[in-house]
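Participant: One structure coming up, written as structure tokens, with questions to follow.
Readers should treat all values here as calculations from the given coordinates under stated rules, not as data from a laboratory. What you see is a predicted model; the values in this text were computed from it and never measured. Here the Cβ positions follow ideal geometry from the backbone for every residue, glycine too, while neighbour counts run over all protein chains shown.
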Amino acid sequence: MKTYLVGGAVRDQLLNIQIKDKDWVVVGSTPQAMMDLGFKQVGADFPVFLHPKTQEEYALARTERKSGKGYQGFTVDFHQDVTLDEDLVRRDLTINAMAQDEDGNIFDPFNGQLDLKNKILRHVSPAFEEDPLRVLRVARFAARFAHLGFTIADETLALMLNISESGELEHLTPERVWVETQRALSEKSPWVYFETLRNCNALKVCFKELDDLFGVPQPEVHHPEIDTGLHSILCLKQACALSTEGEVRFAALMHDLGKAKTDKDKWPKHIAHESLGLQPIKDLCQRLKVPNKHKELALKTCEYHTNVHQAFSLKASTVLKLFKNTDALRKPERFEHMLLACKADSRGRFGFEEVPYLQKEYLETLLKAASNIDSKRISSSGLAGPEIGKAIEAAKLEAIQNAMHAAKELYAND
């Protein structure tokens with residue numbers, strides 16, 4: 001029985017970046033032998049065990065043979081005689097197919113260290129093509145390491161294209177697609193994930209609503225980049241500069257899905273694209289089982305981003321209506337996130353990347369003024385029934401009006 005550190009921990013150690021998790025492979029053991037040592041089995045499809053002290057994952061060395069559709073369509077062999085090389089060859093990328101023994105020796109049968117040096121994401125073997133999930137995984141690694149200069153090998157991208165065209169991606173469960181996507185949204189360059197999926201024709205399978213935006217024009221005077229799909233990618237890039245929150249990044253990416261629903265004879269204008277975009281977001285989120293937190297922010301951003309852009313021309317009553325419709329008074333953090341996504345939208349255009357977006361600070365000021373109304377004092381002032389609500393609303397409206405005058409004078413002086 002021999003134990004090796006494998007996968008991402010070895011890779012990240014060689015890249016001199018922080019190791020997040022440690023995974024281990026055990027050669028020459030059995031499930032019973034592991035449990036006799038105090039390990040707890042947690043794997044359902046193949047034996048994975050938790051260390052009794054560190055709780056790190058230890059998996060028995062295994063081989064896989066394609067026997068069905070999707071990423072679960074494999075027959076797994078974890079007999080005691082499976083070798084380390086046999087285990088490593090089933091992995092996705094060469095940079096993830098290295099192992100390290102307890103003495104620090106690196107086992108690298110597929111030249112992962114050379115690919116690390118050359119900053120190449122390359123598949124280990126032709127078996128790569130058997131697992132459709134690897135299309136998403138490689139796209140995610142491209143998003144993780146793009147800032148270091150990593151690119152995908154041409155031959156690996158060709159296999160990813162083959163998988164996309166084979167129909168295998170359609171057998172992925174929505175949960176697995178979203179898990180990889182949610183992880184990608186937290187990487188340093190999430191836009192690379194979606195660009196990679198589009199380059200291998202996977203975007204139209206997994207994110208059809210987003211893929212439909214490419215080739216849809218916008219007025220050049222407002223959108224020098226013209227293409228709506230490109231604009232959405234630029235918005236995601238700007239959202240990453242503004243926030244590390246996955247739901248903000250997702251909302252910025254999704255906010256213009258309605259432009260794919262505009263009649264072509266109306267192009268490049270997109271009247272009512274805000275309302276047209278709501279159903280595509282709902283469809284995508286339902287299909288991929290996207291968390292409500294992401295879905296609700298995307299819907300609010302889609303429906304109200306134009307109102308936010310026009311904040312300085314809105315009447316006080318319209319601002320109050322905006323606060324009500326977005327539930328800003330009860331959920332100020334979500335409203336703040338919506339404003340960030342709107343700012344990303346404004347800056348996600350060629351030549352507008354550094355343009356100030358004072359609408360965010362302006363609306364935050366007005367929301368604070370409305371939130372400072374003492375509703376309890378008004379409720380105890382002797383009014384009854386509906387009159388209380390009317391008085392509270394009137395007070396909020398007055399507070400917003402006063403704040404608007406002060407804020408506009410401030411911005412005018414600036």
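Participant: Find out how many positive minus negative residues lie around Pro190, taking Lys and Arg as positive, Asp and Glu as negative, among other residues whose Cβ is under 14 Å from that of Pro190. Please list the in-between numbers first.
Facilitator: Values: positive: Arg140, Arg144, Arg183, Lys188, Arg198, Lys237, Arg249; negative: Glu180, Glu187, Glu195, Glu245, Glu247.
Here the charged neighbours net out to +2.
Participant: Past 29 Å, Cα to Cα: identify those pairs from Lys237/Lys264; Lys237/Lys269; Lys259/Lys396, in the order given.
Facilitator: Details: Lys237/Lys264 27 Å; Lys237/Lys269 24 Å; Lys259/Lys396 35 Å.
Listed pairs above 29 Å: Lys259/Lys396.
Participant: On to the next question. Once R0 is set to 56 Å, what does the formula 1/(1 + (r/R0)^6) return for the Cβ-Cβ distance between Ala391 and Lys282, expressed as a FRET efficiency to the nearest 0.05? Kindly include the intermediate steps, with their values, before the conclusion.
Facilitator: Working: r = 37 Å, r/R0 = 0.66.
Taking R0 as 56 Å, the efficiency between Ala391 and Lys282 is 0.90.
Participant: Okay, moving on. Would you mind counting up the charge near Ala391? Only other residues with Cβ under 15 Å from its Cβ, with Lys and Arg at +1 and Asp and Glu at -1. Display every interim value, and only then the final one.
Facilitator: On the way: positive: Lys376, Arg377, Lys390, Lys396; negative: Asp374, Glu387, Glu393, Glu398.
Counting the neighbours of Ala391, the net charge comes to 0.
Participant: Taking 7 Å along the Cα-to-C-beta vector as the label spot, tell me the Asp85-Thr54 distance in nanometres, rounded to one decimal.
Facilitator: Those two pseudo-labels are separated by 2.7 nm.
Participant: Ok, one more. Give the average over all directions of the projected area of the C-alpha convex hull of segment 1-112, one decimal, in nm². Write down the numbers at each step before the final one.
Facilitator: Details: hull surface 29.3 nm².
Mean shadow area of the hull around the Cα atoms is 7.3 nm².
Participant: Decide, for the chain, between rounded, prolate and oblate: order the square roots of the alpha carbon gyration tensor eigenvalues as a ≥ b ≥ c, take rounded if a/c falls under 1.5, and otherwise choose prolate if a/b is larger than b/c, else oblate.
Facilitator: Numbers: a/c = 2.55, a/b = 1.93, b/c = 1.33.
The shape class here is prolate.
Participant: Right, here's the next one. Just the number, please: percent antiparallel of the DSSP beta bridges in the chain, rounded to the nearest 5.
Facilitator: Details: 20 of 26 bridges.
The answer is about 75 percent antiparallel.
Participant: Then there is this: Hey, if you put +1 on the Cβ of every Lys and Arg and -1 on every Asp and Glu Cβ in segment 1-112, which of Gln55, Met35, Thr75 ends up farthest toward the positive end of that dipole?
Facilitator: The Cα lying farthest towards the positive end belongs to Thr75.
Participant: Provide the FRET efficiency to the nearest 0.05 for the Ile271-Glu353 pair, computing r from the beta carbons and using R0 = 25 Å.
Facilitator: Working: r = 27 Å, r/R0 = 1.07.
It comes out at approximately 0.40.
Participant: Quick one: check the C-alpha center-to-center distance for segment 5-38 versus segment 253-290, whole angstrom.
Facilitator: Cα centroid to Cα centroid, the span is 44 Å.
Participant: At most 11 other Cβ atoms within 10 Å and a DSSP loop assignment: could you name the GluC sites (Glu not before Pro) in segment 310-414 that fit? Mind dumping the intermediate values first?
Facilitator: Numbers: sites: Glu333, Glu336, Glu353, Glu354, Glu361, Glu364, Glu387, Glu393, Glu398, Glu409; in loops: Glu353, Glu354.
Here the GluC sites (Glu not before Pro) that fit, given the DSSP loop and packing criteria, are Glu354.
Participant: Can you compute the charge dipole magnitude of the chain about its Cα centre, using +1 on each Lys and Arg Cβ and -1 on each Asp and Glu Cβ, nothing else charged? Give it in debye, rounded to the nearest 20.
Facilitator: The dipole of the chain has a size of about 1460 debye.
Participant: So how tilted is helix 292-309 from the main axis of the chain? Cα-based, degrees 0 to 90, rounded to 10.
Facilitator: For 292-309 against the chain, the angle is about 40 degrees.
Participant: Taking the mean number of other Cβ atoms within 10 Å as a proxy for protection, how do you rank 252-261, 282-291 from highest to lowest?
Facilitator: Numbers: 252-261: 26.4, 282-291: 16.5.
Top of the packing list down: 252-261, 282-291.
Participant: If I model a spin label as a point 7 Å beyond the Cα along the Cα-Cβ vector, how far apart are those points for Gln41 and Lys331 in nm?
Facilitator: The answer from the label model is 4.4 nm.
Participant: A further question follows. Hey, how many Å between the Cα centroid of segment 316-364 and the Cα centroid of segment 164-235?
Facilitator: For segment 316-364 versus segment 164-235, the Cα centre distance is 24 Å.
Participant: Roughly what would the spin-label model give for His171 and Lys204, points 7 Å off Cα along C-beta, in nm?
Facilitator: Here the answer is 2.2 nm between the modelled labels.
Participant: Among the lysines, which fall within straight-line cross-link reach of Lys289, defined as a Cα-Cα distance under 20 Å, with same-chain neighbours fewer than 8 residues apart omitted?
Facilitator: Partners found: Lys204, Lys208, Lys300.
Participant: Which net charge results when you count Lys and Arg as +1 and Asp and Glu as -1 among the other residues whose beta-carbon is under 11 Å from that of Val179? Working shown, then result.
Facilitator: Numbers: positive: Arg137, Arg140, Arg176, Arg183, Lys289; negative: Glu175, Glu180.
Computed value for this residue: +3.
Participant: Further question on the same structure: Amide H neighbours of Leu121 under 5 Å, counting only residues 5+ apart in sequence or on other chains, H built in-plane at 1.01 Å?
Facilitator: Thr151, Ile152, Ala153
Participant: As an exercise, use a Förster radius of 51 Å and the Cβ-Cβ distance of Asp101 and Asp263 to find the FRET efficiency, rounded to the nearest 0.05.
Facilitator: Numbers: r = 64 Å, r/R0 = 1.25.
The computed FRET efficiency comes out at 0.20.
Participant: Answer with one residue from Phe323, Leu339, Cys302: the one whose Cα lies farthest towards the positive end of the charge dipole of segment 302-346, charges on Cβ with Lys, Arg +1 and Asp, Glu -1.
Facilitator: Phe323
Participant: So if I place +1 on the C-beta of Lys and Arg and -1 on the C-beta of Asp and Glu, and nothing else carries charge, what would the dipole magnitude of segment 1-112 be about its Cα centre? I want it in debye, nearest 20. Please list the in-between numbers first.
Facilitator: Values: 12 positive and 18 negative charges, 76 e Å.
In total the dipole reaches around 360 debye.
Participant: Determine the equivalent ellipsoid of segment 329-414 by diagonalising the alpha-carbon gyration tensor, then write out the semi-axes as square roots of 5 times the eigenvalues, largest first, rounded to whole Å. Walk me through the numbers on the way to the answer.
Facilitator: Details: eigenvalues 219, 47, 13 Å².
Semi-axis lengths for segment 329-414 are 33, 15, 8 Å.
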